[in-house]
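What follows is one structure encoded as structure tokens, with my remarks underneath.
Just so it is clear, none of the values below were taken in a lab; they were calculated from the coordinates. Quick caveat: nothing in here was measured; it's all calculated off a predicted structure. Note that each Cβ is placed from the backbone with ideal geometry, even for glycine, and that neighbours are counted across all protein chains shown.
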Amino acid sequence: MCTYLTEKVEISGSGKGATGWISVTDASVYLDHPVHAPFGHSLNIDFLAPELGPSARVAVELSQESARALAKAIEAVLESAPPGLE
Amino acid sequence: MYDAMIAETVTITGHDGDAIEAYSARPLTPGPVGGVVVIHHMPGYDDSTKEIARNFAFHGYNVIMPNLYWREAPGASSDDAAATARAQGGVPDDRLVGDVAGAMAYLKGLSNANGKVATIGYCSGGRQSFLAGVSLDLDAAVDCYGAFVAGPAREGTTMVPIVDKTPSLSCPLLGLFGADDQYPSPEHVGLLEDALKAAGKTYEFHSYEGAGHAFFSVNRPAYRVEAANDGWQRIFAFYGKYLSA
């Protein structure tokens, strides 16, 4: 099914897309049909720079299991980082 | 048998007079032949759906597939365009109807056209094929596992149920579904069938055991060869019956 389940978040950082590095300002997180990953549905993350147009997108499509592992890893790294780093 | 065809990107006039991109595939025969509007799935105006368009042309139909995401992402790759349109909640229903009407006009204007036009849509396009059928004067419509025709709405999107429009259906409807699908579930399909019966409409439904959503997609794990092969036969039989001159 086309779930249309989406979480949008404002972000600050950079991503490397088809044309090189871009400053990304928005992310979409959604569970839906992948374009490339071999699953019926995948956890997809789009890192976006909307002011540069639809092609300014860094996309990943993950299995649901690996997406959960990734989320835990991100939290773990941030928790264990020395305080005061910017 | 002469089987040459031409397939190319063209510009058609869609909803509100907008010029939008579309993919045209047509047999190079004098005709008269029927026309098919292919409504692409939510993942977009992509290579695999263009292949479907060419298959219909190979079987003798003029085909047009509007790029439903052209306005959100003109010139972008199909996956980037789909991501953009998806993030905005999908294609508005009135715009879809206007774009299909423009596609129909394109087909009817071809020199080898017999004047008859059908739609077919996959995934979100299945619902949109039904939407076109209840909104426009068509000769046939095919709904391939379209969700949100009947059953609950999906909040925050354009996907509201339209089963209440069934009395307005202008043409025979062929529905092809996977019995393992959850959207539309067999219950949702049953609700649509009840509405078609109540309205006295001509329809033909097939639900395939062992198949779920997107079983026609040859490049996805959801592909189910037996369901897809039977489905293609059903489609060509249906079009043979309702799109003949």
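So which of B:Lys108/B:Lys197; A:Lys8/A:Lys72; B:Lys116/B:Lys165; B:Lys50/B:Lys108 end up more than 25 Å apart, counting from Cα to Cα? The partial results should precede the final answer.
Details: B:Lys108/B:Lys197 31 Å; A:Lys8/A:Lys72 19 Å; B:Lys116/B:Lys165 22 Å; B:Lys50/B:Lys108 20 Å.
As for pairs spanning more than 25 Å Cα to Cα, those are B:Lys108/B:Lys197.
Quick one: work out the % antiparallel among DSSP beta bridges in chain B, nearest 5.
35 percent
Would you be so kind as to identify which of B:Ser207, B:Gly44, B:Thr29 lies farthest towards the positive end of the dipole of segment B:5-242, taking Lys and Arg as +1 and Asp and Glu as -1 on Cβ and the Cα centre as origin?
Checked the options; the winner is B:Thr29.
Whole-Hz Karplus ³J(HN,Hα) for segment B:110-119, in order, using 6.51 cos²θ - 1.76 cosθ + 1.60 and θ = phi - 60°, x for Gly and Pro?
Calculated HN-Hα couplings, in order: 6, 5, 9, 6, 9, x, 9, 9, 10, 10 Hz.
Rounded to two decimals, what ratio of Rg to Rh does segment B:37-129 give with C-alpha atoms and a Kirkwood Rh?
We get a ratio of 0.96 for segment B:37-129.
For B:Lys50, what charge total do you get from the other residues with a beta carbon under 15 Å from its beta carbon, if Lys and Arg give +1 and Asp and Glu give -1?
Charge balance in the 15 Å sphere: -4.
5 Å is the cut-off here: which amide hydrogens, built 1.01 Å from N in the peptide plane, fall below it relative to B:Ile39, excluding neighbours closer than 5 in sequence?
Correct list: B:Ile120, B:Gly121, B:Tyr122.
Considering only the other residues whose Cβ falls under 15 Å of the Cβ of B:Asp16, what net charge follows from Lys and Arg at +1 and Asp and Glu at -1?
Numbers: positive: B:Arg71, B:Arg95; negative: B:Asp18, B:Glu72, B:Asp93, B:Asp94, B:Asp99.
With Lys, Arg at +1 and Asp, Glu at -1, the neighbours total -3.
Counting only C-alpha contacts under 8 Å and six or more residues apart, can you give the relative contact order of segment B:56-157 as a whole percent?
Relative contact order for segment B:56-157 comes out at 21 percent.
May I ask you to derive the relative contact order of chain B, considering only C-alpha pairs under 8 Å and at least 6 residues apart, and to give it as an integer percent?
Details: 554 pairs, mean separation 40.8, N = 245.
Reported relative contact order: 17 percent.
Considering only DSSP beta bridges with both partners in the protein assembly as shown, what is the antiparallel share in %, to the nearest 5?
Rounded to the nearest five, the antiparallel share is 60 percent.
³J(HN,Hα) across segment B:95-102 via Karplus (A = 6.51, B = -1.76, C = 1.60, θ = phi - 60°), whole Hz, x for Gly/Pro?
Each residue's phi maps through the Karplus curve to give 5, 4, 4, x, 5, 5, 4, x Hz.
Return the long-range amide H neighbours of B:Gln182 (sequence gap of 5 or more, or a different chain), with a cut-off of under 5 Å between placed amide H atoms.
Excluding prolines and chain starts, which carry no amide H, the hits are B:His213.
By its C-alpha gyration tensor, with a ≥ b ≥ c as the square roots of the eigenvalues, how is chain B shaped: rounded for a/c under 1.5, else prolate for a/b larger than b/c, else oblate?
Because its axes are fairly even, with a/c under 1.5, chain B counts as rounded.
Averaged over every viewing direction, what's the projected area of the C-alpha convex hull for segment A:5-80? Give it in nm², one decimal, please.
Projected over every direction and averaged, the Cα hull of segment A:5-80 covers 5.6 nm².
To one decimal place, what Kirkwood hydrodynamic radius in Å is obtained for the protein assembly as shown from all pairs of distinct Cα atoms?
Evaluated over the protein assembly as shown, this radius sits at 20.7 Å.
How large is ³J(HN,Hα) for each residue in segment A:75-86, as worked out from phi by the Karplus curve 6.51 cos²θ - 1.76 cosθ + 1.60 (θ = phi - 60°), to whole Hz, x for Gly and Pro?
Each residue's phi maps through the Karplus curve to give 4, 5, 5, 5, 5, 8, 5, x, x, x, 6, 10 Hz.
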